[in-house]
């Protein structure tokens, strides 16, 4: 009887469990692109389900979709544009945080650029809200700063 | 259960480390990232730690305010902090002063610059000359220059340069372009568009050894493709085919050829013999997997076009040997702006017949009329196919 050939690492899949308990499969070669996942695999082995507490079932499929395209070398500008086309600013933010947590460099870089593009010319208040920044300047301090840096506020929409 | 250990999004975004925030800021134009200094006390200094500077004059009222901003930023920034990436786009204002730009470039070149992008918009009579200090800036890995002239120089030293994009650049003699490329031993990505030389002869240059990707678009003189013979990916827009000597591309897997057409030619002849030339090119690309041919003729509605084609319709002759890439390598072939003219059709037919590994033949027709398009599709789908898995896609 013919021996069953052992599966090569390139076709092996890894199971990932999201923070809300759902399980997704991903190719081992794609998992390698996410350093956090790879570290967990190195520590826990590739046969068990890897727990990802800070990634949820809403965003993980999108991330898997990106890296599926990446391992076939097909990521183009068109693909990336399409990838974020229907996402609103908050959805991109969530994806970005997940990419940061997963240490998925390529996606992280791409989303950094996309966030910067979305924030370009947005008001100061919008950016504050987006990053959850608390304004700890007094009104006097803030108006002094605005005066000193008047040249940098040209072109930025005023607070809505 | 596991949600006990997860952190809400709001907290996660506000606890992002400074390095991540600076990283996002590095993708913004510098004056926008400067505006974040009023967000909070923590954010106040972050924009000054960004290693990327991006200055675009169009966001400022005039050159005077623009230069004031650039000087201010350079002075506010910690002098020991390197500048990794510098992009400067300016030159349109009437009060443009090249001395200021020279000073900016000098300052930047001394700060460990890796990625330099200069886009000058000055009119030709006041064309900006690239300062010599750039040519010996040996930390550069990416250099992109647009709309400048190169003064005569003796040496170029870019030991780390991987990417070079030249657009609308003039060199006084071909020797300078050759000398420029000689100074880039590890170049991988070369893009040349509208580089003007006063004469046509370029002489020998060894193929750039690490070449991966080349994109060439030159009118008026014959680019020596031998320089990029090691490339894996090639996109070339050609206007004068009889000048083109095609070397053997040993590593080439993806090739896109755009047949360009200069409008100022009195007789709008569209390069007689180009399909035969194309088969000769295929002979020289033994590893080609992906071929795209785009007939990019501007003003396709002008009257001379079709008449001339009918007069000068060349005859197709099958090449004596089937190119090696067709027998085993070619996977996709794409013909853009297909018109169904005699030799074009014969070329498509030849590929369909001899490309044994072909997956997809994609044809994008120029024609709008659905009936004519349908006829073209029928004619093509009746051609015998050498590959059993070949799909014909037509739109």
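Each reported figure results from applying straightforward, stated rules to the coordinates on display, with no laboratory input. All figures in this text were calculated on a predicted structure; none of them were measured in a lab. Here the Cβ is made from the backbone with ideal geometry for all residues, glycine too, and neighbour counts use every protein chain on show.
Observations on the model:
- With Cα atoms as the point set, the radius of gyration and Dmax of chain B evaluate to 26.0, 79 Å.
- Exposure proxy ranking for B:128, B:96, based on other Cβ atoms within 10 angstrom of each Cβ and starting from the fewest, stands as B:128, B:96.
- Calculated FRET efficiency for the pair residue B:196/residue B:49, C-beta based, R₀ 25 Å, to 0.05: 0.05
- Comparing mean-square fluctuations of A:47, A:136, A:103 from a GNM of chain A with C-alpha springs under 10 Å, the top value falls on A:136.
- Take every DSSP beta bridge whose two residues both sit in chain A; close to 75 percent of them are antiparallel.
- Estimated FRET transfer efficiency when R0 is 35 angstrom, pair residue B:392-residue B:219 (beta carbons, to 0.05): 0.55
- Contact order normalised by residue count of chain B, Cα under 8 Å, 6+ apart, percent: 7 percent
- The simple Förster model, with R0 at 30 Å and r as the Cβ-Cβ distance, assigns residue B:250 and residue A:77 a FRET efficiency of 0.60.
- Square roots of 5 times each gyration tensor eigenvalue, C-alpha, the protein assembly as shown, largest first, Å: 45, 36, 22
- Per the Debye formula on identical point scatterers at the alpha carbon atoms of the stretch B:138-246, with no solvent, log10 I(q)/I(0) at q = 0.12, 0.18 Å⁻¹ is -0.36, -0.87.
- Between the C-alpha center of the stretch B:155-181 and that of the stretch A:40-65 there is a gap of 47 Å.
- Calculated [θ] (222 nm, deg cm²/dmol) that DSSP helices of n ≥ 4 give over the protein assembly as shown, each run adding -39,500 (n - 2.57): -9500 deg cm²/dmol
- Rough spin-label spacing in nm, given labels placed 7 Å along Cα→Cβ, for residue B:160 and residue A:120: 2.7 nm
- Each residue, residue B:138 and residue A:146, gets one label point 7 Å from its Cα in the Cβ direction; the gap between the two is 5.1 nm.
- Comparing mean-square fluctuations of B:196, B:124, B:227 from a GNM of chain B with C-alpha springs under 10 Å, the top value falls on B:124.
- Extension gain for residue B:71 to residue B:375 (0.36 nm times residue separation, less C-alpha to C-alpha distance): 103.0 nm.
- Inverse mean reciprocal Cα-Cα distance (Kirkwood Rh) of the stretch A:56-160, Å: 15.9 Å
- Mean-position separation - Cα centroids, the stretch B:205-233 and the stretch B:316-390, in angstrom: 27 Å
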